[in-house]
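Just below is one structure, and these are the notes that go with it.
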Number of protein chains: 2
Amino acid sequence: MSSPATQPDFGSARPGGRTARTRAAVRDATLAELAAHGYRGLTVDGVAERSGVHRTTVYRRWGGVDGLVVDALDLAGEDGWQPPDTGGFAGDCRALAAEVHRSFADPAQGAASAAVVAASFQSPRAAEALRGFYADRNARSEVIVSRAVDRGELPAGTDAAAVVRAVVAPLFHRLFITREPLDAGVAEQAAEAAVAAALAGVFQLPSGA
Amino acid sequence: MSSPATQPDFGSARPGGRTARTRAAVRDATLAELAAHGYRGLTVDGVAERSGVHRTTVYRRWGGVDGLVVDALDLAGEDGWQPPDTGGFAGDCRALAAEVHRSFADPAQGAASAAVVAASFQSPRAAEALRGFYADRNARSEVIVSRAVDRGELPAGTDAAAVVRAVVAPLFHRLFITREPLDAGVAEQAAEAAVAAALAGVFQLPSGA
DNA sequence: ATACTAATGCAACTTGAGTCGCATTAAGGA
DNA sequence: TCCTTAATGCGACTCAAGTTGCATTAGTAT
């Protein structure tokens, strides 16, 4: 079991050449293995062999498969992502939905994204990392709503998190619960539904903010 | 590995007393273990010990932990469930969302429901079983929309599956993606949003049906 | 009752994930 | 350049999951 094991600790006293090379090799191997075999086929031995790093080293620094995924997710969270800005609320929501759609449609990126969700059911560490990742994404997305309020498109006091959730939730539901195929039309419909609900004032926060 | 193993096969040539007792004991033990330790703590050995059935028997008839979950899910799907009927479209949607909320809030049932989702990431068999389960639930829920159309509350040609998805998807999103707590207000908001979007005609099917 | 055989019990075996103690390599400072 | 020591490599070990061959139990038919 890897639960009480060391978290990936990369602020150590010796962040020099070899350590950095090892981490990069393992990270690349993790993404490659994920794209090749999915999360179910992700093993420490596979990553170790592909990266040329010894099994023991991977266990020591990453703790197990969940640590590999968490590390990959942490890296993904540091990409400086910003929500789309199309100049209008409906356009922003459509673009956001389309972005989620594309990120899961891409073979490599989609496999990695789905892997993180799968990992979150196996490991509390992965679940916490995923929660943090989406909390950050949500916080960044709030500007879509605040811009819309500034333009007068939405009433003040609209719950930005609820709007974002309404846009993306149907896509995740198809992907992971009913496992139906995803197409651009589905993404657009989800965005339109969220826009209609927001315009109707459904996402108003309880007390006026 | 349990992938190519025997599916739970309960139509055999000898469905007599002992076989039925074994299945019942294992099913009860599965649900109890799920409630006690969650899906991550569900093991064949644990179920075997609790049920008094030998390990080997469980492996032979269920194939592994995924088979146990699939069997439990198959049973859950045969409960003759019908969607709520409150006399109005909005009320039906709210009641549906509340029902989903309750099913995950209940400790035992919630653990089992979450376990099935977790299992679907581990096993193709569980994923297929989950897909079938929700396809059936969705089909049964369509009557909510058709009744609303008959009453003149909704335009004809409204995509019932899309409506149901819009109602429940935000709840699943909170439960499994962002792992935020769920309360009755969230369920109601999701229902209201779906209603507003449906009334606005967002879920119209492309060609007139 | 008795015989037949499917279903179960049992124990030994295989396999792969994860751990541990110790040897070796290489980064960073003197 | 040399010394110290973190980081890695290496092999053996533990442990739990899953499998297999054979013995035993208990439905079912005659």
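When the residues of the stretch B:67-120 are filtered to those that are among the hydroxyl-bearing types (Ser, Thr, Tyr) and under 30 Å from A:Leu34 (Cα atoms), which remaining residue is nearest to the other protein chains (Cβ to nearest Cβ)?
Selected residue: B:Ser120.
Going by the conditions given, is B:Ala114 at negative phi and without any contact (Cβ under 8 Å) to a residue 60 or more places away in the chain?
Against the criterion (at negative phi and without any contact (Cβ under 8 Å) to a residue 60 or more places away in the chain), B:Ala114 does not qualify.
Looking for something under 18 Å from the mean Cα position of the chain (by Cα) and either more than 10 Å from DNA strand D (Cβ to nearest atom) or outside the structural domain of A:Ala160 (by TED's automatic domain parsing) (or both) - is there at least one such residue anywhere in the stretch A:53-66?
The answer is yes, given that some residue of the stretch A:53-66 is under 18 Å from the mean Cα position of the chain (by Cα) and either more than 10 Å from DNA strand D (Cβ to nearest atom) or outside the structural domain of A:Ala160 (by TED's automatic domain parsing) (or both).
Residue check: is B:Asp74 crowded, with 17+ Cβ neighbours inside 10 Å, of a type outside the set (S, T, N, Q), away from DNA strand C (no atom under 13 Å from the Cβ) and part of a helix (DSSP H, G or I)?
no
Considering A:Val145, A:Val195, A:Val163, which residue is away from chain B (no Cβ under 13 Å), surrounded by 21 or more Cβ atoms within 10 Å (Cβ to Cβ) and more than 17 Å from the chain's Cα centre (by Cα)?
A:Val145 is the lone residue from the list that is away from chain B (no Cβ under 13 Å), surrounded by 21 or more Cβ atoms within 10 Å (Cβ to Cβ) and more than 17 Å from the chain's Cα centre (by Cα).
Need pairs with beta-carbon distance below 9 Å; first residue within 14 Å of chain A (Cβ to nearest Cβ) and in a helix (DSSP H, G or I) and within the stretch B:54-65, second of a type outside the set (Ser, Thr, Tyr) and within 7 Å of DNA strand D (Cβ to nearest atom); sequence gap 6+ or separate chains.
Final answer for the pair search is B:Val65/B:Val44.
Give B:Asp106, B:Asp92 a once-over and let me know the one that is more than 11 Å from the chain's Cα centre (by Cα), surrounded by 20 or more Cβ atoms within 10 Å (Cβ to Cβ) and of a type in the set (Asp, Glu).
Selected residue: B:Asp92, the only one of B:Asp106, B:Asp92 that is more than 11 Å from the chain's Cα centre (by Cα), surrounded by 20 or more Cβ atoms within 10 Å (Cβ to Cβ) and of a type in the set (Asp, Glu).
Of the residues that sit in the stretch A:36-58 and are within 11 Å of DNA strand C (Cβ to nearest atom) and hydroxyl-bearing (Ser, Thr, Tyr), which one is farthest from A:Thr19 (Cα to Cα)?
A:Thr43
Spot the failing condition for B:Glu153; the list is (1) more than 12 Å from chain A (Cβ to nearest Cβ); (2) in a loop (DSSP other than H, G, I, E, B); (3) free of Cβ contacts under 8 Å to residues at least 40 places away in the same chain, and only one is missed.
Exception for B:Glu153: condition (3).
Look at the stretch A:9-48 and say how many of its residues are at pLDDT below 95 and surrounded by fewer than 17 Cβ atoms within 10 Å (Cβ to Cβ).
23
Residues in the stretch B:117-136 that are free of Cβ contacts under 8 Å to residues at least 24 places away in the same chain and either surrounded by 18 or more Cβ atoms within 10 Å (Cβ to Cβ) or outside any helix (DSSP H, G or I) (or both): how many?
Final tally of qualifying residues: 4.
For the stretch B:121-142, give me each residue that is among the acidic types (Asp, Glu) and facing chain A (nearest Cβ under 7 Å).
Within the stretch B:121-142, no residue meets the criteria.
The values are calculated or read from the model by the stated rules, or taken from the named source; none is laboratory data. Please read all numbers here as calculations on a predicted model, not as lab measurements. Here the Cβ is made from the backbone with ideal geometry for all residues, glycine too, and neighbour counts use every protein chain on show.
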